[in-house]
1. For the residue pair A19 and R96, what label-to-label distance in nm results when each label sits 7 Å from Cα along the Cα-to-beta-carbon direction?
2. What are the trypsin sites (Lys or Arg not before Pro) within region 1-63 that DSSP puts in a loop, where the Cβ has at most 10 other Cβ atoms within 10 Å?
3. Rounded to the nearest 20 debye, what is the charge dipole size of region 136-190 about its Cα centre when +1 sits on each Lys and Arg Cβ and -1 on each Asp and Glu Cβ?
4. Can you pull out the trypsin sites (Lys or Arg not before Pro) in region 75-148 that DSSP calls coil and that have at most 15 other Cβ atoms within 10 Å?
5. Can you pick out the pairs among K65/K128; K23/K179; K51/K179 whose Cα atoms lie more than 21 Å from each other?
6. Which residues' amide hydrogens lie under 5 Å from the amide hydrogen of R68, considering only partners 5 or more residues apart or on another chain, with H built in the peptide plane?
7. Calculate for the chain the 222 nm mean residue ellipticity that helices alone would give, adding -39,500 (n - 2.57) per DSSP H run of length 4 or more and normalising by residue count, nearest 500 deg cm²/dmol.
8. Using the crude model of +1 on Lys and Arg Cβ and -1 on Asp and Glu Cβ, and no other charge, please compute the dipole size for the chain relative to its Cα centre, in debye to 20.
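Readers should treat all values here as calculations from the given coordinates under stated rules, not as data from a laboratory. Remember, predicted model here, so these are calculated numbers, not experimental data. Heads up, the Cβs are rebuilt from the backbone with ideal geometry, glycines too, and the neighbour counts pull from every protein chain shown.
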Amino acid sequence: MIYCPGMLDFQTCETARLARDPKYDGVFFVGVTTSKIYCRTVCPVRQPLAKNVAYFPTAAAAEAKGYRPCLRCRPESAPQSPAWNGTLSTVVRAIRLIETGALNGGHVGALAERLGISERHLSRLFRKHVGASPLQTARTLRLQHAKRLLDTSELKIADIAFEAGFGSVRQFNATFAEKYRSVPSRYRARRRPAQRAP
Ligand SMILES: [Zn+2]
């Protein structure tokens, strides 16, 4: 059992996971230590034993620890942001700015300045409340944005890369392959027949 700081207590997570409680969908994520996959609480896949479970406050925290998103429950489609309830407003503002591309150029110092705090303080807040650094968080948010577009739009791969804030298609391909073990074009080609099925 692994437990991340800045989270709900372990028993609450455990009870919510076993009940597949939709109230906690997006509030925390469940990692399976043996497969290194992370899921939403509502995932339909067979549930792991408690000793093989890791709980994370955010998808970014799970990914920062090397976990890959589940292809069944699609963590990127979990309800956005309930996890930020009760979290410092500075962190919430930072996340909003990251979502609109504030870190696409990688300038954490500039983001901190916009928030009126030091870069070191910003990193400390992220470690405590998000469980990942600002750059790791930006990386996860970009990939999630791209994955949603890949699943739900007919946009070209290059347009998705641009829309989600990747510097290049090559960067998008590499980042996607790391988490999904396939490049975006191959992933999409494989999904299409299934989506067309009645
Ligand atoms: Zn899952």
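1. Placing both labels 7 Å beyond Cα along the Cβ direction yields 3.2 nm.
2. When the trypsin sites (Lys or Arg not before Pro) of region 1-63 are filtered for loop state and at most 10 Cβ neighbours within 10 Å, R46 remain.
3. On the way: 11 positive and 5 negative charges, 48 e Å.
With only Lys, Arg, Asp and Glu charged at Cβ, the dipole is about 240 debye.
4. Taking region 75-148 and a limit of 15 other Cβ atoms within 10 Å, no loop trypsin sites (Lys or Arg not before Pro) are found.
5. Values: K65/K128 15 Å; K23/K179 26 Å; K51/K179 24 Å.
In this structure, K23/K179; K51/K179 exceed 21 Å between Cα atoms.
6. I37, Y38
7. Only helices count here, giving -14500 deg cm²/dmol.
8. Values: 32 positive and 14 negative charges, 136 e Å.
With Lys and Arg at +1 and Asp and Glu at -1, about 660 debye.
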